Amino acid sequence: MKFDILTIFPEIIEEYINKGIVSIAKEKGLVEINVHNLRNWTEDNHKTVDDTPCGGGPGMVLKVEPIYRAIQDLKKENTIVAITTPKGEKLVQSKLKDFSTKSDLHMIILCGRYEGFDQRIHDNLVDYEFSIGDYVLSGGELASLVLVDGITRLLPGVLGNEESLSDESFNDGETFDYPQYTRPIEFNGWKVPEILLSGDHEKIRQWRESQKASNR
Ligand code: ADE
């Protein structure tokens, strides 16, 4: 599984992928994540990646040439080129799961900025446009991290405890996690439910089952 992330803010991406679960997955060799500065594919002194919209209007638009060159350099035979956009297909757990089963997946992710991409990028260079929700962020870096994190943690061997995946929220699209507690068993007068201290695994399983739907 390999990701190439194209952004004008590589530090944002680096900071996240070098911590926690994603970092462990990289160290185990289960995922390769390369972060690239889009400006490396510009050819002018100012390393320009954006320009004013043709026909006028507010904001700036990401230019086609640097993105075209970057994709040509990074693309292999089976590469999926993805872009982040609030207008894209809404990312859901089942999609993350699909991607996570494709062990030879190579994905180039273009992080959006400004008023968006030159339409010719959408029309000619991209396979998958995704959104992380119905709101507009100032850039696609967070969205690309959501995609990479969401896929990576599902890869076999990453979490180490496959049970924690099979139990978790959204696994069947409907149920939610049961409530979790840890020590101390009483804090500030707030108690852990007795049943969790009973040692009766079957009763605990049934109780957790009964709590799933209501834990929203
Ligand atoms: N870029 C800006 N807003 C976004 C969103 N909601 N999802 C994906 N990319 C975005």
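Observations on the model:
- Here 137, 155, 110, 147 are screened, and the one residue that is under 17 Å from the mean Cα position of the chain (by Cα), at pLDDT 95 or above and farther than 27 Å from residue 76 by Cβ is 137.
- Residue ID - most open to solvent (accessible area, probe 1.4 Å), chosen from residues in the range 55-91 that are within 14 Å of the ligand (Cβ to nearest atom) and of a type outside the set (A, V, I, L, M, F, W, C): 87
- Here the condition is being touching a Lys or Arg at 6+ places or on another chain (Cβ under 7 Å) and open to solvent by less than 90 Å² (accessible area, probe 1.4 Å); of 106, 122, it holds for 106 alone.
- Filtered residues of the range 24-74 (kept if out of contact with any strand residue (DSSP E or B) (no Cβ under 8 Å at 6 or more places or on another chain) and among the basic types (Lys, Arg)): 28, 39, 47, 69
- Taken across the range 24-38, residues that are in a helix (DSSP H, G or I), within 15 Å of residue 110 (Cα to Cα) and modelled with pLDDT of 95 or more do occur, with at least one present.
The values are calculated or read from the model by the stated rules, or taken from the named source; none is laboratory data. On a predicted model such as this, the values are computed, not experimentally measured, just so you know. Positions of Cβ are generated from backbone atoms using ideal geometry, with glycine treated the same way; all protein chains shown enter the neighbour counts. What goes into the accessible areas is simple: the full protein's heavy atoms, side chains included, and nothing from ligands, DNA or RNA. Shrake-Rupley method; radii C 1.70, N 1.55, O 1.52, S 1.80 Å.
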